[in-house]
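To start, the structure under review is shown below, and the notes come after it.
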Amino acid sequence: MRVVVLFLAYVVSLVMLAAAYGGTGDSAGTPPVPIPSPAAEDQAFSGFLKDFRATALTAGIPAETYDAATKDISRNQRVSDLNLNQPEFAKPVWDYLDTAVSPQRIADGQALLAGDADILARISGKYGVAKEILISIWGNESDYGRSMGGTNMFEALATLAYAGPRTSYARPQFLAALRMMQRQNYAAAAMTSSWAGAFGQTQFVPTTFLNEAVDGDGDGKIDLWTNVADALASTANVLSNAGWTEGKPWGYEVALPSGFAFGDADLDTAKKVADWAKRGVKTAAGGGLPAGDEPASIYLPAGAHGPAFLVFPNFKSILHYNNAASYALAVCLLADRLKGAPGVAAAWPRELQPLSRDERVTLQNSLLKLGFEIGNADGLIGSKSRAALRTWQKSHGLPADGYATQDLLTRIAMEARAKIAGK
Ligand code: CA
């Protein structure tokens with residue numbers, strides 16, 4: 001369960017601050033903003049831990065728990081750096097899926113399905129979640145336990161809670177981690193996590209652990225680090241609570257007819273399968289859509305020129321585990337491959353170059369200049385930016401998929417410049 005919230009405005013301000021400090025821009029008359037020394041930061045971190053002790057005790061954490069959890073921790077510079085890091089390029093979905101649904105990932109998952117068959121049948125039956133989905137989440141979250149993160153959880157969460165863009169996430173997680181330790185009698189040193197505080201075989205965060213983790217093997221303890229039954233049962237419980245309905249499909253790849261109205265191809269737009277069929281949507285093999293009464297959405301991970309998927313409420317329940325559609329798709333596609341299904345039929349538009357952060361900001365500024373109300377140009381193409389792109393595409397006779405490409409950036413930026421010049 002990764003943390004996908006981005007805080008770009010903060011990072012941009014830091015980049016600007018660093019630029020001013022480095023004197024790369026027009027720095028005349030602008031005194032550099034002092035950056036605290038590591039020693040001063042460490043001292044401030046100690047002060048934070050002391051202040052947070054009072055907060056924790058007020059919240060009912062015993063003093064001995066807090067002291068045992070924090071006695072050996074210090075501000076973690078690597079966590080601080082990762083907290084501020086904003087990748088210049090978002091990985092294209094096809095590259096992400098190459099790793100998430102690799103031949104090795106499929107082979108390993110199939111071996112685990114066979115090896116843990118009894119445990120999986122019991123958990124799948126009890127919670128009503130397909131065993132292939134559980135194995136797939138395990139593979140996607142930690143490569144089946146190979147990469148769970150080795151950072152001291154209290155050091156990671158305290159560093160994030162102390163300062164930076166994730167304090168409002170990390171403070172309740174820090175408290176929840178203390179409560180986990182208190183309730184489960186964990187040794188603090190055994191509580192390891194990713195830099196962002198997600199932990200164990202299926203990468204829970206502490207608040208989700210407190211609300212939804214379960215004892216999968218009935219030994220009276222919950223251990224998501226070393227006990228696979230506990231981890232998979234807890235994951236099944238999360239999906240069950242999120243509305244997964246066993247026996248229903250997550251979705252399947254489809255083929256769209258030429259002239260398809262792409263404006264409706266959005267995860268937020270649901271229609272009956274029969275309605276999509278009337279619009280000419282076929283299976284990937286070109287057949288009629290299977291009957292179904294559940295609301296269905298068209299998901300285009302790479303826009304109009306890549307594969308299309310018809311997705312159902314089960315797909316959306318996976319978004320409760322990790323709110324990124326590409327993640328949910330990776331989980332579902334790997335689960336299908338574990339069952340022996342073939343891979344995606346349509347080709348990915350691998351020739352498309354992803355937009356850099358600067359280019360995304362330029363695209364958004366151009367949309368703003370053209371009068372689209374998309375809020376701030378934050379470099380994150382969200383629902384408002386996509387809606388604006390769809391409107392622009394439609395008014396120019398293009399497939400309105402709302403998918404930002406280099407070609408779209410060039411055309412929209414040119415139109416914005418012409419509009420400004422014409423004033
Ligand atoms: Ca257990």
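For region 245-256, give me each residue that is farther than 18 Å from N314 by Cα and not in a loop (DSSP other than H, G, I, E, B).
Scanning region 245-256 gives a single hit, A255.
Kindly indicate the residue of region 190-205 that is touching a residue at least 60 places away in the same chain (Cβ under 8 Å) and among the aromatic types (F, W, Y) and also surrounded by the most Cβ atoms within 10 Å (Cβ to Cβ) among those meeting that condition.
F204
Given the criterion at pLDDT 95 or above and assigned to a loop (DSSP other than H, G, I, E, B), identify the matching residue among A330, A347, A335.
Answer to the selection: A347.
Examine region 398-418 for a residue that is under 24 Å from A324 (Cβ atoms), surrounded by fewer than 20 Cβ atoms within 10 Å (Cβ to Cβ) and free of Cβ contacts under 8 Å to residues at least 24 places away in the same chain, and state whether such a residue exists.
No: region 398-418 contains no residue that is under 24 Å from A324 (Cβ atoms), surrounded by fewer than 20 Cβ atoms within 10 Å (Cβ to Cβ) and free of Cβ contacts under 8 Å to residues at least 24 places away in the same chain.
For region 371-381, give me each residue that is surrounded by 16 or more Cβ atoms within 10 Å (Cβ to Cβ) and without any contact (Cβ under 8 Å) to a residue 60 or more places away in the chain.
Selection gives F372, I374, A377, I381.
If we scan region 236-244, do we find a residue that is at pLDDT below 95 and not in a helix (DSSP H, G or I)?
The answer is no; no qualifying residue exists.
Quick test for you: out of Q182, Q173, pick the one residue that is open to solvent by 40 Å² or more (accessible area, probe 1.4 Å) and at pLDDT 95 or above. Even if it seems obvious, please write down each step before you answer.
Values: Q173 fails: open to solvent by 40 Å² or more (accessible area, probe 1.4 Å).
So the residue among Q182, Q173 that is open to solvent by 40 Å² or more (accessible area, probe 1.4 Å) and at pLDDT 95 or above is Q182.
With respect to T208, determine if the residue is under 23 Å from the mean Cα position of the chain (by Cα), crowded, with 24+ Cβ neighbours inside 10 Å and assigned to a helix (DSSP H, G or I).
So T208 fails the test.
Scanning for something at pLDDT below 95 and open to solvent by 60 Å² or more (accessible area, probe 1.4 Å), does region 53-69 turn up at least one residue?
No.
What number of residues within region 393-423 are under 28 Å from the mean Cα position of the chain (by Cα) and in a helix (DSSP H, G or I)?
Within region 393-423, residues that are under 28 Å from the mean Cα position of the chain (by Cα) and in a helix (DSSP H, G or I) number 5.
Give the residue, chosen from A265, A255, A284, that is surrounded by 15 or more Cβ atoms within 10 Å (Cβ to Cβ) and under 26 Å from V129 (Cα atoms).
A284
Taking the residues in region 271-281 that are more than 30 Å from the chain's Cα centre (by Cα) and not in a loop (DSSP other than H, G, I, E, B) as candidates, determine which candidate is surrounded by the most Cβ atoms within 10 Å (Cβ to Cβ).
The extreme case among them is A277.
Name the residues in region 369-384 that are at pLDDT 95 or above and assigned to a helix (DSSP H, G or I), would you?
K369
Report, by residue number, each residue of region 218-227 that is surrounded by fewer than 20 Cβ atoms within 10 Å (Cβ to Cβ) and either more than 8 Å from the ligand (Cβ to nearest atom) or among the basic types (K, R) (or both).
Within region 218-227, the first condition is being surrounded by fewer than 20 Cβ atoms within 10 Å (Cβ to Cβ), and the residues that meet it are 218-221, 225-227.
Result: K221, W225, T226.
Between a residue in region 50-63 that is closer than 17 Å to A170 by Cβ and any residue that is among the hydroxyl-bearing types (S, T, Y), which pairs come within a Cβ distance under 6 Å, given they are 6 or more apart or on different chains?
Taking only residues 6 or more apart or on different chains, the pairs are R53/Y66; A56/Y66.
Note down all Cβ pairs under 9 Å where the first residue falls in region 210-234 and is among the basic types (K, R), the second is part of a helix (DSSP H, G or I) and surrounded by 19 or more Cβ atoms within 10 Å (Cβ to Cβ), and they're at least six residues apart or on different chains.
K221/D230
Given the options D268, D230, D215, D293, name the one that is acidic (D, E), within 16 Å of the ligand (Cβ to nearest atom) and not in a helix (DSSP H, G or I).
Exactly one residue qualifies, and that residue is D215.
The values are calculated or read from the model by the stated rules, or taken from the named source; none is laboratory data. This structure is a prediction, so every number in the text was calculated from the model and none was measured. So basically every Cβ, Gly included, is an ideal-geometry build from the backbone, and we count neighbours across all protein chains shown. To get the accessible areas, we keep the full protein, side chains included, count just its heavy atoms, and leave off ligands, DNA and RNA. Shrake-Rupley method; radii C 1.70, N 1.55, O 1.52, S 1.80 Å.
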